[in-house]
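Asker: Got a structure here, written out as structure tokens. Questions coming.
Computed from the coordinates by the stated procedures, all read-outs in this text should not be read as laboratory data. The structure presented is a predicted model; accordingly, all values stated were derived computationally and were not measured. Glycine also receives a Cβ, built like all others from the backbone with ideal geometry; neighbour counts cover every protein chain displayed.
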Amino acid sequence: MKNSATPSLPQRILAHARTLPEGGLVSPKDFLHLAGRGTLDKAFARLAGEERLFRVSRGLYTLPVQGHYGVMTPSSGKLLAALSMKTEETFVVQGGAAANLLGLSPQVPMCEIYLTSGRSRTFRRGRYTFKVKHAPPWQLLFGNDPAGLMLRALDSYGPRQAWDVAQRGRDAIPMEEWKRLAAASSELPSWLAKIINEICYA
């Protein structure tokens, strides 16, 4: 006599998803050792239709979490942290958001956008979406450390406004962070490197 029935494919998918941290991502590709792609796609579609998994991008799903107003998709930060672990891509906040985080601008960007070392794409969080856009390596320097936030904040203002913003925001990050930026001057656009060096060594 059997003690229990063999778990179904959807049950095995959910069991694996529950072993992951919040925002952890699962894909049909993770289960090709269990079934063919067509069967897996149907299993994932069924779980998504029942809202036991949320589809956040093509071929990527996550478990819902309990929020104040019911079940919801994990935060974009959690999703991107999980994706970074899965793909080894870098994700950082874009310049407008960085300026707001540093107190250089009161404006909160209407669209949630991140920069990435990978390809550009759109993710879904329930009714909302956020985007990741491919960026050159220098825009990703220092990740989301204060130096990285300042770098992208200044870049977002462009050559004409960045100097005034840098002067106003001189104390927004420690001088050690400015010096980290100055040490990377050779990797930056010349106008941006000049501003950073003037802040550090004027």
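Asker: Among the residues of the stretch 2-38, how many are of a type in the set (Ser, Thr, Tyr) and surrounded by 13 or more Cβ atoms within 10 Å (Cβ to Cβ)?
Answerer: Number satisfying all stated conditions: 1.
Asker: Moving to a separate point now. Inspect all residues belonging to the stretch 103-116 and state whether any of them is within 23 Å of Ala17 (Cβ to Cβ), β-branched (Val, Ile, Thr) and exposed (fewer than 15 other Cβ atoms within 10 Å of the Cβ).
Answerer: Looking through the stretch 103-116, none of the residues is within 23 Å of Ala17 (Cβ to Cβ), β-branched (Val, Ile, Thr) and exposed (fewer than 15 other Cβ atoms within 10 Å of the Cβ).
Asker: Do any strands (runs of 3 or more DSSP E) entirely within the stretch 106-168 hold 2 or more residues that are out of contact with any Cys (no Cβ under 8 Å at 6 or more places or on another chain) and over 24 Å from Arg180 (Cα atoms), and if so, which?
Answerer: Passing ranges, in order: 121-125, 128-134.
Asker: Quick one: count up the residues across the stretch 36-72 that are under 22 Å from the mean Cα position of the chain (by Cα) and of a type in the set (Phe, Trp, Tyr).
Answerer: 2
Asker: Also, quick follow-up: Mind listing whichever residues of the stretch 41-57 are in contact with a strand residue (DSSP E or B) (Cβ under 8 Å, 6 or more places away or on another chain) and without any contact (Cβ under 8 Å) to a residue 24 or more places away in the chain?
Answerer: Scanning the stretch 41-57 gives Ala48, Glu51.
Asker: Among the residues that make up the stretch 157-176, is at least one of them exposed (fewer than 14 other Cβ atoms within 10 Å of the Cβ) and under 25 Å from Thr116 (Cβ atoms)?
Answerer: yes
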